[in-house]
Amino acid sequence: MGVLAIEKDAKQAFDVIMGGGTCILPMDVGYAFLGKGLDPVMHIFNTKQRANTKYNALIGNMDHHRSLHECTSRGREIVSAIVEDYDLPLGIIAPCNPEHELFGTIEEELYTRSTVDNTLAMLTNAGRFHAEITRLSFEAGQLFFGSSANVSTTGTRFRVEDVQDEIKEAADFIVNYGPVKYTHQGMSSTLLNVETLEVVRFGCCYENISDILKRHFNIEMPPRPAE
């Protein structure tokens, strides 16, 4: 018997979110602050003191990706290679279908605040808890949005203890699994537009991702900028 009750904890978080609440949850690339629907997501947005120029991200799995993103065959192959073959986390950015029935479950304003010119950012393959909560949300036909569990511009938090008190107090439920998998890298997921190949954020596992694109697709990616 394992020491983590992932299915139980994810189901409890799912129920809180479905009830209109917000949760701080462990992803391999940092703790995330998530909700469903405009009011909970705006509660997260305002608590984090995010600028209006910032957008929300969707947490999703490959079912979400295949349903919502409209990719070329190369784009889908790139995602599959990174996420499935090499088992790496990825913030997928790609065009999406605004008419898809899943988007019908959210308000128009939330869609507008979570997409740019009908392009959607989606965190995929961010660990076992992520896999379970996204499985539950997809099977329920729901979309969970949010961002990192921190005051905006203060950096990703890899332990609950490092999340600011005002963020923790604003959440209805917190799952604390200690330091997350990629704590040692000190950064959140890489954000890659898999169609244009624009790197929106040079994040976790970027060097691995760059090597995959060179090795399998003959795509030369830029080096990570010097700090």
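Candidate cross-link partners of LYS48 among the lysines, defined by an alpha-carbon separation under 23 Å and a same-chain spacing of 8 or more, comprise LYS36, LYS168. Other residues with beta-carbon under 12 Å from the beta-carbon of CYS96 carry, at +1 per Lys or Arg and -1 per Asp or Glu, a net charge of -3. Sorting LYS214, LYS168 by solvent-accessible area of protein heavy atoms yields LYS214, LYS168, largest first, with a 1.4 Å probe.
Our note on the geometry: Cα centres of segment 99-123 and segment 10-62, 14 Å apart. Computed on the Cα atoms alone, the convex hull of segment 1-102 gives a volume of 144 cubic angstrom per residue. Counting only protein chain heavy atoms and rolling a 1.4 Å probe, the accessible areas of GLU99, GLU166 rank, largest first, as GLU99, GLU166. For segment 6-217, the per residue solvent-accessible surface stands at 43 Å², with DNA, RNA and ligands left out and a 1.4 Å probe.
Placing pseudo-labels 7 Å out from each Cα toward the beta carbon at VAL116 and GLU7 gives an inter-label distance of 4.0 nm.
With a cut-off of 14 Å, note down the residues of segment 44-87 whose backbone N falls inside the zone around a label point 7 Å from the Cα of ASN97 toward its beta carbon. Flagged as within label range: 63-72. Remark: accessible surface ordering of TYR86, TYR31 (largest first) is TYR86, TYR31, probe radius 1.4 Å. Coupling constants for segment 172-179 follow from the phi torsions by the Karplus curve (6.51 cos²θ - 1.76 cosθ + 1.60, θ = phi - 60°), and in residue order they are 7, 7, 10, 10, 10, 10, x, x Hz; glycine and proline get x.
The values are calculated or read from the model by the stated rules, or taken from the named source; none is laboratory data. Here the structure is a predicted model, which is why all the values come from computation and not from measurement. Positions of Cβ are generated from backbone atoms using ideal geometry, with glycine treated the same way; all protein chains shown enter the neighbour counts. Keep in mind that these areas ignore ligands, DNA and RNA; they rest on the heavy atoms of the full protein, side chains included. Shrake-Rupley method; radii C 1.70, N 1.55, O 1.52, S 1.80 Å.
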